Structures are given as structure tokens and as C-alpha cells.
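Colleague: I have a structure I would like to understand better, so I am pasting it below and will then ask my questions one at a time.
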Amino acid sequence: MGHLDHFSFGWPTPAISYVMACVGAALGLRCTLRALSATGPSRRNWLVTAAAAIGSGIWTMHFVAMFGFTVDGTELRYNVPLTILSLLVAVLVVGLGVFAVAYGRHRGRSLLLGGLITGVGVAVMHYLGMAAVRLHGVIAYDFGTVALSVLIAVGAATAALWAAVTIRNVYAAAAAALVMGIAVSCMHYTGMAAVQVELHPSRVELGGATPMQFIFPLAVGLGSFLFLTSAFVALSPTAQERAAYREAGRPVLEELDRAA
């Protein structure tokens, strides 16, 4: 059995991955809140943005944390198509969850269904990302620990969706994002605790990309997306602000009508 190290770079790796999960959760909560106060295409667009923010935040958390994962006796590489597919799965399942909650007629039932879909999907994203790992050996899993990680994912997803449709205060939403970051991190490291590696020494070169080859596109691509989304959410007026603008502009229009 190969010796596994999940913190080969020390605590910076889990700390950065936690921050990324919190940023994605915070943006997703704000976008979902905007969606619930909107109608028509605007609601749909906000929900799509929320799914992209939360899904990419969760995926980035997983991948950054994987930088600290090493196995003695073998190098690690990643299958690029499977890794990208895991990102798409994360965004898709979060989207299914937030749409189920936003458009569901029965709030409690929608939360449970959305939490189940999103949680199982996040777990699928995690283990699909693990399936992308290439090493000189075979990866196996402890079933009980895997089941626990799925339960944590479902619980975290349900709590996240509940927070998205319930919390209206900015400070409470920030606190919820911090808690969601902890839950996502717990799911990841619980899933990693289930990993067992049986080494098969070989001189054959592994296919795929090294972890370092993902740093630049990860930092530039998802970092730019999260930054632009943050700016968009910050600059976009809320429904209350739009109503206030209309009320402020109404006297001016009345004056113009009288002058005409």
C-alpha cells in the first residue's frame, strides 16, 4: 500500500481551497437572492450565474486541495477531459438544485429534492475528479467512508439551498458562506480519507497533465470568472434599489409632464 499525504504543502493548500469554496458560496447566495426577487428571463439568468459560481467554487476547492495530495513511490497526473467533465458536472447539478428550489411550488419538498440532487452530484463530481487521477497503481475506496462523504455532501447542499432562499441579511449570508465552505471541505477530506492506493511500480510514463500544468488556467480562468461575477453582483442594483430609483424619478417625470 502506498503512503498517502493530503497536506504535502502544509496548511496553505487547505486554507486556499477553503477560501475558494467560501467565495463561490457567497457569490452563489447573493445571485440566488437576486433571482428570487426577479421574474422572467432575469430570474433564470441569476440562477445560471449562481450555479456557475457555486459549482466552480466547489470544483476549485477540490482541485486546489488535490495539489496537496501525494503518494509515495509514484508521480500523479490527471486526465484532462475527465477533469473538465467533473467541473461541468459540478455546475450542472448545482444548477438543477437551485432551479428546483426557485421554481418549486412546495418549498420544503423542493429543498429536500434540490439538496439530494445537488449533494449526490457534488459527490459524483468529487469521485469523477478522483477517477481522473493517473498513478502507478490502483485506487480503491472504503465503502463506509464514501457513504459518509455522500451524506455530508447532501447535508451541505440542502443547508446551502435553504440559506439561499431564507437568508436576506448580508452578514448572515456571509456567515452562511463560511459554514458552507467548512461543509464542502469536510466532504472533500472525508472522501479523501476513503482512498487506498495499491502501488504497481512501473517505468512506463503516465499520461495526462501534471498538477502544476493546471495552475495557470485555474488561476486565470476561474479567478477571472469569480472576479467578474463579484463585480457584476456588486454593481447590479437590487430590486429594492430599482424601486427606489423609480420612486426618485417619478417626481421629475411629473414635473416634466406639467411643464409640457
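The values are calculated or read from the model by the stated rules, or taken from the named source; none is laboratory data. This one's a predicted model, so the numbers in the text were calculated from it and none came from an experiment. All Cβ positions, even for glycine, are placed from backbone atoms using ideal geometry, and neighbour counts span all protein chains on display. Just the protein is used for accessible areas: all its heavy atoms, side chains included, with ligands, DNA and RNA removed. Shrake-Rupley method; radii C 1.70, N 1.55, O 1.52, S 1.80 Å.
Colleague: Out of the residues in the stretch 119-138 that are in contact with a Ser or Thr (Cβ under 8 Å, 6 or more places away or on another chain) and either crowded, with 20+ Cβ neighbours inside 10 Å or hydrophobic (A, V, I, L, M, F, W, C) (or both), which is farthest from residue 152 (Cα to Cα)?
Modeller: Across the stretch 119-138, the extreme among qualifying residues is 135.
Colleague: Name the pairs: first residue in the stretch 135-153 and farther than 11 Å from residue 193 by Cα, second residue loosely packed, with under 14 Cβ neighbours inside 10 Å and among the acidic types (Asp, Glu), Cβ to Cβ under 6 Å, at least 6 apart or on different chains?
Modeller: 137/198; 138/198
Colleague: Would it be correct to say that residue 52 is part of a loop (DSSP other than H, G, I, E, B), touching a residue at least 40 places away in the same chain (Cβ under 8 Å), of a type outside the set (S, T, N, Q) and touching a helix residue (DSSP H, G or I) at 6+ places or on another chain (Cβ under 8 Å)?
Modeller: No, not satisfied.
Colleague: For the condition modelled with pLDDT of 85 or more, out of contact with any Gly (no Cβ under 9 Å at 6 or more places or on another chain) and within 21 Å of residue 125 (Cα to Cα), what is the one hit in 181, 191?
Modeller: Criteria check complete, one pass: 191.
Colleague: I'd like the full set of residues that are buried (at least 19 other Cβ atoms within 10 Å of the Cβ) and more than 16 Å from residue 156 (Cβ to Cβ), limited to the stretch 101-118.
Modeller: Within the stretch 101-118, 102, 110 meet the criteria.
Colleague: Moving on. Among (1) among the hydrophobic types (A, V, I, L, M, F, W, C); (2) open to solvent by 60 Å² or more (accessible area, probe 1.4 Å); (3) over 16 Å from residue 150 (Cβ atoms), where does residue 91 come up short?
Modeller: (2)
Colleague: Does the stretch 54-71 contain at least one residue that is surrounded by fewer than 23 Cβ atoms within 10 Å (Cβ to Cβ), of a type in the set (A, V, I, L, M, F, W, C) and within 19 Å of residue 164 (Cα to Cα)?
Modeller: Checked the stretch 54-71: no residue is surrounded by fewer than 23 Cβ atoms within 10 Å (Cβ to Cβ), of a type in the set (A, V, I, L, M, F, W, C) and within 19 Å of residue 164 (Cα to Cα).
Colleague: Testing residue 155 on (1) of a type outside the set (A, V, I, L, M); (2) more than 15 Å from the chain's Cα centre (by Cα); (3) closer than 30 Å to residue 100 by Cα, one condition comes back false. Which one is that?
Modeller: Of everything listed in (1) of a type outside the set (A, V, I, L, M); (2) more than 15 Å from the chain's Cα centre (by Cα); (3) closer than 30 Å to residue 100 by Cα, residue 155 misses just condition (2).
Colleague: Tell me whether the stretch 72-90 contains one or more residues that are over 19 Å from the mean Cα position of the chain (by Cα), closer than 25 Å to residue 182 by Cβ and in contact (Cβ under 8 Å) with a residue 24 or more places away in the chain.
Modeller: No: zero hits.
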